[in-house]
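All remarks here apply to the structure that follows.
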Amino acid sequence: MPTTLLWFRRDLRLADHPALVAAAGRGAVIPVFIHDNSVDTLGAAPKWRLDRGLEAFDAGLRGQGHRLILRRGPAREVLEELVEETGADAVYWSRLYDPEAIERDARVKAALQENGIDAQSFAGHLIHEPWEIETQQGGPYRVYSPFWKNAKNRQVADPLAAPDMRAPDQWPESETLESWELGRAMHRGAKVLAPHSRPGEAAALDQLANFREESLTRYKEGRDLPAARATSQMSEYLTYGEISARQIWHAAKRNSTSESFLKQLIWRDFAYHLMYHTPHILDRSWRAEWERFPWSEEETEALQRWRQGRTGVPFVDAPMREMYVTGRMHNRARMVVASYLTKHMGVHWRIGQAWFEDCLTDWDPANNAMGWQWVAGCGPDAAPYFRIFNPATQAKRYDSDFAYRKRWIAEGEARPSETALSYFDAVPTAWGLSPNDDYPDPVVGLDEGRQRALNAYAELTEK
């Protein structure tokens, strides 16, 4: 019987999985996950969340008489060993689009095909592949608005049903998740994060149904209010492929008020479009002239206090603490936090990018890079550098009743909330923080920081 190794990566689901449908249609399927360098380089929180996602996915497979084979090592070597062990004549996988994954997958495909193995990659991580949407001149887009206009009326195929899967006559040996210790770097923070994370495909579908029924109609009005909980909470599931963007698109599109939300799904496609066509967005300023900008990369007490959520600016500190406790951060708050770091504090956007990569359970390489460069002013279709988010003004507009700030800041509160107190359980003990501490003074005044940023921008534009 033909046997396919299905190499899972960021696609831990059974429904709407083109590679799985193709594999199931030709014979037995052996699901495989490989702990290679792409896993080793993940930050602490993403690696912990991956562990939970793999555990949930394996449990779902076992409920259907299957299992997830776990192997550690370079992907090419592991897959060649499994082909030899199982007699598999095909290896399928869903595409990824960062430069390292593209290079690795090309090497794997070439080596397998050279040995007579049917090696194929499939779509599945995005709504539209990065090369499918082009300008009238035939090149990639650099600005979101025309990208959205092109994408919004394109046909999006209906999601695929989960196929029936045939098991192999004999399963190869598997390593164990426990031996990988993917959550080790989280230390005590893992116990704090755990109640805020429901991994797995079933949980993703439940969350989508809840959002569609309870919040989608008020998404446009509520999405900028951090205390409102009006957002979809789907980013974590999209990161690990526990649901497809196409499933979310079709579920939302049936609602006549959904355009604001659909734009966010296409914004994600736009981030991948940019990463695919201009991969330097991941580690260099997208606009080359911004490589000359005098951002600081020094390790200072002020930078440490930003990381700790102790800048002395409540609408900056609250989101940072939310990230420690939940592994996520509200999008409006992300913009304020990033603007304060890159503009008021004058710190390089790459430092913030790296910190989010370590702390967010919904970390995504394309979204994270584009988000930081958009706020910093050096990216594609970016907010102008001189657009400086004032945390006080933002708080007055989007948290006028102080609900969000009180939810996450304990110092000075007679009766701090449980979530505010849980922050002190989540952060490293070495930081020596206590809810009984005085709330700190600002690391930089809002007016002072704004003027310093504008002066630096003036110097750049005069050169």
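The values are calculated or read from the model by the stated rules, or taken from the named source; none is laboratory data. Keep in mind the model is a prediction, meaning the values are calculated, not measured. Quick reminder, even Gly has a Cβ in these numbers, built from the backbone with ideal geometry, and neighbours come from all protein chains shown. Accessible surface areas use protein heavy atoms only, side chains included; no ligands, DNA or RNA. Shrake-Rupley method; radii C 1.70, N 1.55, O 1.52, S 1.80 Å.
Could you please state how large a percent of the accessible area of the stretch 304-452 is carbon and sulfur, counting protein chains only and using a 1.4 Å probe?
Working: 2640 of 5570 Å².
Summing carbon and sulfur atoms, their accessible area is 47 percent of the total for the stretch 304-452.
With contacts defined as alpha carbon pairs under 8 Å and 6 or more residues apart, what's the relative contact order of the stretch 24-137 in percent? Please list the in-between numbers first.
Working: 83 pairs, mean separation 27.6, N = 114.
Relative contact order of the stretch 24-137: 24 percent.
Given contacts defined as C-alpha pairs under 8 Å and at least six residues apart, what's the relative contact order of the chain, whole-number percent? Write down the numbers at each step before the final one.
Working: 739 pairs, mean separation 83.2, N = 463.
Reported relative contact order: 18 percent.
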For the chain, with +1 on Lys and Arg beta carbons and -1 on Asp and Glu, the positive-most of His17, Gly352, Ala318 along the dipole = Ala318
Computed from the beta carbon distance with a Förster radius of 22 Å, FRET efficiency for Glu462 and Arg284 to the nearest 0.05 stands at 0.45
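Relative contact order for the stretch 316-419: what is it in percent, counting Cα pairs under 8 Å that are at least 6 residues apart? Kindly include the intermediate steps, with their values, before the conclusion.
Numbers: 111 pairs, mean separation 27.6, N = 104.
Relative contact order for the stretch 316-419 comes out at 27 percent.
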Send over the per residue convex hull volume for the stretch 113-202, Cα only, as a whole number of Å³.
-> 291
Solvent exposure of the stretch 150-272 as accessible area per residue, Å², 1.4 Å probe = 52
For the stretch 1-59, the spread of Cα positions along each principal axis, largest first, Å | 40, 21, 18
Quick one: how many lysine pairs in the chain have C-alpha atoms under 22 angstrom apart, if they're 8 or more apart or on different chains?
-> 14
Please give the length that would be gained between Trp171 and Ser417 if that part of the chain were fully extended, namely 0.36 nm times their separation in residues minus their C-alpha to C-alpha distance (nm, one decimal).
-> 83.6 nm
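I'd like to check one number: the per residue accessible area of the stretch 61-131, probe 1.4 Å, reported in Å² as a whole number. Intermediate results must be reported in sequence, preceding the final value.
Values: 3290 Å² over 71 residues.
Accessible surface, normalised per residue, equals 46 Å².
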Folded to 0 to 90 degrees: helix 201-214 orientation relative to the chain principal axis, Cα | 50
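In debye to the nearest 20, how big a dipole does the chain give about its Cα centre with +1 on each Lys and Arg Cβ and -1 on each Asp and Glu Cβ?
The dipole magnitude comes to about 1600 debye.
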Could you run the Debye sum over the Cα atoms of the stretch 145-193, one equal point scatterer each and no solvent, and tell me log10 of I(q)/I(0) at q = 0.25 Å⁻¹, two decimals?
-> -1.03
Percent of accessible area on the stretch 189-233 owned by carbon and sulfur, 1.4 Å probe?
-> 47
Which residue, chosen from Trp93, Ala162, Trp131, occupies the Cα position most advanced towards the positive end of the dipole of the stretch 80-164, where the dipole is computed from +1 (Lys, Arg) and -1 (Asp, Glu) charges on Cβ about the Cα centre?
-> Trp131
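I want to verify the translational diffusion coefficient of the chain in µm²/s; compute it with Stokes-Einstein, Rh as the Kirkwood radius over Cα pairs, at 37 °C and 0.692 mPa s. It would help to have the intermediate numbers written out before the result.
Details: Rh = 23.5 Å.
Here the translational diffusion coefficient equals 140 µm²/s.
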Ser179 label point, 7 Å along Cα→Cβ, cut-off 15 Å on backbone N: hits in the stretch 10-39?
-> 33-36
What accessible area per residue, rounded to a whole number of Å², is obtained for the stretch 387-463 using a probe radius of 1.4 Å?
-> 62
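Given the convex hull over the Cα atoms of the stretch 341-435, what projected area results after averaging over all orientations, in nm²? Walk me through the numbers on the way to the answer.
Working: hull surface 31.1 nm².
Computed as one quarter of the Cα hull surface, the answer is 7.8 nm².
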Cα Rg, Dmax (largest Cα-Cα span) when computed across the stretch 305-463, Å | 15.6, 53
